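Undergrad: This is the structure, below, for whatever I ask next.
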Ligand SMILES: [Zn+2]
């Protein structure tokens with residue numbers, strides 16, 4: 001069940017549940033407070049599990065270059081899970097390949113931390129502070145409770161428009177994807193943030209970490225938030241707003257906790273060694289990504305620089321591919337996407353862009369399989385739109401309409417183009433929905449057909465039929481020229497009402513075909 005259906009069914013049941021309040025009450029597993037809870041543990045788990053892949057993909061995909069680092073983050077996370085209030089949840093921790101510092105938790109214990117946050121941390125204890133905080137969000141049912149209160153849905157609507165405006169994540173349209181985006185960009189309430197801090201400190205101490213690390217990290221966040229650095233503002237600080245109130249609360253609580261626990265500065269430095277070393281490569285890449293739209297040649301140079309520093313990163317090959325594609329060097333671009341997929345075969349954008357390039361190169365079969373694969377990882381309007389064009393080219397209108405309909409759901413230029421393609425296809429199949437034909441007679445009883453264009457497109461090659469069923473009359477007529485939207489014209493039928501001895505009401509007209517002007 002995705003968040004939308006969940007929220008919808010909850011809204012429907014709300015009154016019923018209020019009446020039977022006792023059934024919906026439960027003790028919160030972390031705070032031990034009694035609260036209304038009608039999202040079951042099973043639902044929490046399935047919500048998170050269903051959104052996890054799409055959430056990872058839309059956030060930038062998994063960071064796969066350093067499996068040892070991924071294993072380390074997971075190990076620190078699992079250490080905290082063991083001492084948490086819900087060790088039975090299927091917790092998972094992944095690193096997202098994105099420079100923006102951020103971390104997020106889906107219901108049921110599906111967590112992620114961005115590469116860009118890891119490089120900002122100074123010790124294992126700081127990492128533990130971030131993960132413990134996210135673990136509390138999942139363990140204390142913060143996501144589930146937001147769904148129960150209906151706040152997740154409204155918060156999500158705003159997030160989706162931001163997401164579709166963003167270049168990299170543009171045109172994400174699938175409902176499941178939107179749900180995932182909602183969850184990972186969701187901003188918890190101030191109360192839940194304080195709770196995640198408070199119980200996170202408990203988990204840290206139980207796992208043997210120095211709680212002062214959390215206090216100091218929070219202080220750093222407050223300082224950075226004052227500096228208004230865009231990366232932080234769009235990431236960590238958007239999802240977890242730092243505040244002096246949080247620092248003070250953490251400091252007060254940590255003061256009563258054991259001192260001298262593990263900090264792990266040295267081990268953290270070692271584990272981060274590769275990432276620290278290649279950080280400039282990612283900086284070059286990120287700069288190139290910004291230049292891509294307007295200065296693709298410079299973006300290409302940035303990609304080359306990044307690859308010189310770290311030739312194994314798929315993302316750098318993909319930037320090279322994107323720049324070459326932009327420069328119209330499609331064959332070379334395809335080879336770069338091949339290289340990217342060889343290094344990381346689990347990120348949608350590499351398949352999506354290779355599919356687009358293959359389509360331009362005339363490799364329809366290769367394009368189709370790439371676009372379909374991209375959609376399995378993360379459905380996008382871009383892939384659905386192109387799949388619609390491929391299906392249309394192959395004469396499969398029904399399949400094309402299916403893809404266009406999905407693409408048209410995106411609030412973007414591409415969504416509107418898909419809507420127009422959909423309209424053209426439907427117009428060809430069902431012209432009667434767009435063209436009105438009615439019989440008219442002039443003062444002398446000469447019959448004609450008034451043909452009106454009710455579609456938003458200019459139409460040409462209109463063929464209409466005039467029928468007098470009572471007289472067994474039927475004739476086809478062609479409308480000369482073009483009809484603009486809203487325009488109508490009268491086509492003479494070449495017969496008179498008197499020829500049939502019937503009333504005008506017994507003369508009918510219908511459209512047989514029409515074509516939109518390209
Ligand atoms: Zn938080």
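Undergrad: Having 3 or more residues that are without any contact (Cβ under 8 Å) to a residue 40 or more places away in the chain is the bar; report the helices (runs of 4 or more DSSP H) wholly within the range 198-293 that clear it.
TA: The helices (runs of 4 or more DSSP H) meeting that bar are 212-226, 244-255, 265-271, 279-291.
Undergrad: Being surrounded by 15 or more Cβ atoms within 10 Å (Cβ to Cβ) and out of contact with any strand residue (DSSP E or B) (no Cβ under 7 Å at 6 or more places or on another chain) is the filter here, so list the residues in the range 435-466 that pass it.
TA: 455
Undergrad: Shifting gears a bit: Checking the structure you have, find out if any residue of the range 398-408 is under 32 Å from the mean Cα position of the chain (by Cα), buried (at least 21 other Cβ atoms within 10 Å of the Cβ) and not in a helix (DSSP H, G or I).
TA: Yes, because at least one residue in the range 398-408 is under 32 Å from the mean Cα position of the chain (by Cα), buried (at least 21 other Cβ atoms within 10 Å of the Cβ) and not in a helix (DSSP H, G or I).
So that you can scan it fast, the table gives a plain yes or no per residue for (1) within 16 Å of the ligand (Cβ to nearest atom); (2) surrounded by fewer than 16 Cβ atoms within 10 Å (Cβ to Cβ):
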{"position": "235", "(1), (2)": "yes, no"}
{"position": "242", "(1), (2)": "yes, no"}
{"position": "246", "(1), (2)": "yes, no"}
{"position": "249", "(1), (2)": "yes, no"}
{"position": "256", "(1), (2)": "no, yes"}
{"position": "271", "(1), (2)": "no, no"}
{"position": "274", "(1), (2)": "no, yes"}
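Undergrad: Scan the range 194-202 and tell me whether some residue there is more than 15 Å from the ligand (Cβ to nearest atom) and either modelled with pLDDT of 90 or more or in the same structural domain as residue 262 (by TED's automatic domain parsing) (or both).
TA: Residues of the range 194-202 that are more than 15 Å from the ligand (Cβ to nearest atom), as a first pass: 202.
Now restrict to residues that are either modelled with pLDDT of 90 or more or in the same structural domain as residue 262 (by TED's automatic domain parsing) (or both): 202.
Within the range 194-202, one or more residues are more than 15 Å from the ligand (Cβ to nearest atom) and either modelled with pLDDT of 90 or more or in the same structural domain as residue 262 (by TED's automatic domain parsing) (or both).
Undergrad: Out of all the residues in the range 119-138, which are closer than 22 Å to residue 231 by Cβ, away from the ligand (no atom under 12 Å from the Cβ) and crowded, with 24+ Cβ neighbours inside 10 Å?
TA: Correct list: 126, 127.
Undergrad: For residue 113, only one of the following conditions fails: (1) at pLDDT 95 or above; (2) at positive phi. What is its number?
TA: The failed condition is (2).
Undergrad: A follow-up question, please. Do we have residue 355 as in the same structural domain as residue 413 (by TED's automatic domain parsing) and surrounded by 24 or more Cβ atoms within 10 Å (Cβ to Cβ) here? Steps first, please.
TA: On the way: in the same structural domain as residue 413 (by TED's automatic domain parsing): no; surrounded by 24 or more Cβ atoms within 10 Å (Cβ to Cβ): yes.
No: the conditions fail for residue 355.
Undergrad: So is residue 300 touching a residue at least 24 places away in the same chain (Cβ under 8 Å) and over 24 Å from residue 280 (Cα atoms) or not?
TA: Values: touching a residue at least 24 places away in the same chain (Cβ under 8 Å): yes; over 24 Å from residue 280 (Cα atoms): no.
Judged against the criteria, residue 300 is not a match.
The values are calculated or read from the model by the stated rules, or taken from the named source; none is laboratory data. Keep in mind it's a predicted model, so treat the numbers as computed, not measured. Reconstructed Cβ throughout: ideal geometry from the backbone, glycine too, with neighbour counts over all protein chains shown.
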